[in-house]
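Read through the structure below, which is laid out as structure tokens, and then see the notes.
The values are calculated or read from the model by the stated rules, or taken from the named source; none is laboratory data. What you see is a predicted model, and the numbers here were worked out from it, not measured in a lab. Counting neighbours? That spans all protein chains shown, and the Cβs are built from the backbone with ideal geometry, glycine included.
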Amino acid sequence: MRTSHIFCPLPMQRGLAAIAFIFATAAATPALAQTNTQAEAEAIVLRPLSFFKVNDLDFGSIIASGTAGTVRLAPDGTRTRTGGATLAGNDGEPARFAGLGTPNRQVNISLGSNTIWITGPGTRMRVRDFEIGSTPTAILSTTPTRFSIATAIGNYNFPVGATLEVGANQAPGDYSGTFTITLNYL
């Protein structure tokens with residue numbers, strides 16, 4: 001099969017005729033009045049005394065420099081930085097969990113570890129000092145970390161923030177890891 005004609009320029013008259021033919025064909029095509037698109041639908045059906053992850057902990061976009069630094073993401077979504085870590089954009093959000101219990105029930109929260117490592121294309125980074133936040137549906141007391149379910153139907157949600165240690169000259173890319181939250185309904 002010969003394909004050299006794809007790479008060779010058309011003589012000027014043939015090229016203009018080809019372009020005119022394309023425009024004439026496009027103009028003759030009727031406009032479509034209807035288009036279709038798809039979306040997803042999801043549902044979570046809870047059993048009593050359970051909870052689930054609503055969204056992951058996301059420190060947002062960060063620019064590393066030649067100096068190590070940290071990014072703290074508070075449970076309320078506020079991001080702050082130290083050292084050579086620069087915040088890029090306004091993205092980033094705390095993890096959020098929700099669940100179903102019974103009204104006024106006490107719930108203890110514990111973390112599998114208050115330090116984890118996240119990995120990616122460069123040196124792993126440490127995530128530490130996890131913070132569990134209060135909400136109107138989960139009013140937190142800190143010793144021990146406990147909340148009372150404050151809604152009449154027993155649903156609740158709570159955010160979790162943490163601090164990320166960004167290395168000097170940290171390689172760009174996506175980093176991820178996991179942490180564990182355990183609830184004990186009292």
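I'd like the residue in region 168-186 that is of a type in the set (Phe, Trp, Tyr) and under 21 Å from Gly92 (Cβ atoms) and, out of all such residues, is surrounded by the fewest Cβ atoms within 10 Å (Cβ to Cβ).
Phe179
If I ask for residues that are among the β-branched types (Val, Ile, Thr) and modelled with pLDDT under 50, which ones from region 14-54 would you list?
Correct list: Ile19, Ile22, Thr25.
Looking at region 79-90, which of its residues are within 23 Å of Val160 (Cβ to Cβ) and surrounded by 16 or more Cβ atoms within 10 Å (Cβ to Cβ)? Steps first, answer last, please.
Filtering region 79-90 down to residues within 23 Å of Val160 (Cβ to Cβ) leaves 79-82, 85, 87-90.
Selection gives Arg79, Arg81, Ala85, Leu87.
Could you tell me which residue of region 91-121 is surrounded by the most Cβ atoms within 10 Å (Cβ to Cβ), considering only residues that are farther than 18 Å from Ala74 by Cβ, at pLDDT below 95 and within 22 Å of the chain's Cα centre (by Cα)?
Looking at the filtered set, the residue picked out is Gly99.
Which one is modelled with the lowest pLDDT among residues in region 79-90 that are among the small types (Gly, Ala, Ser) and not in a loop (DSSP other than H, G, I, E, B)?
Residue satisfying both the conditions and the ranking: Ala88.
Across region 106-138, what is the number of residues that are part of a strand (DSSP E or B), more than 20 Å from Asp56 (Cα to Cα) and out of contact with any Phe, Trp or Tyr (no Cβ under 6 Å at 6 or more places or on another chain)?
2
Every residue in region 52-78 that is of a type in the set (Lys, Arg) and either buried (at least 19 other Cβ atoms within 10 Å of the Cβ) or not in a strand (DSSP E or B) (or both), please.
Let us first name the residues in region 52-78 that are of a type in the set (Lys, Arg), namely 53, 72.
Within region 52-78, none qualify.
Looking at region 54-72, I want the residues that are on the phi > 0 side of the Ramachandran plot and have a partner that is surrounded by 14 or more Cβ atoms within 10 Å (Cβ to Cβ) with Cβ atoms under 7 Å, at least 6 apart or on another chain. Which pairs are those?
Cβ pairs passing all conditions: Gly60/Arg79; Gly60/Leu87; Gly60/Gly92.
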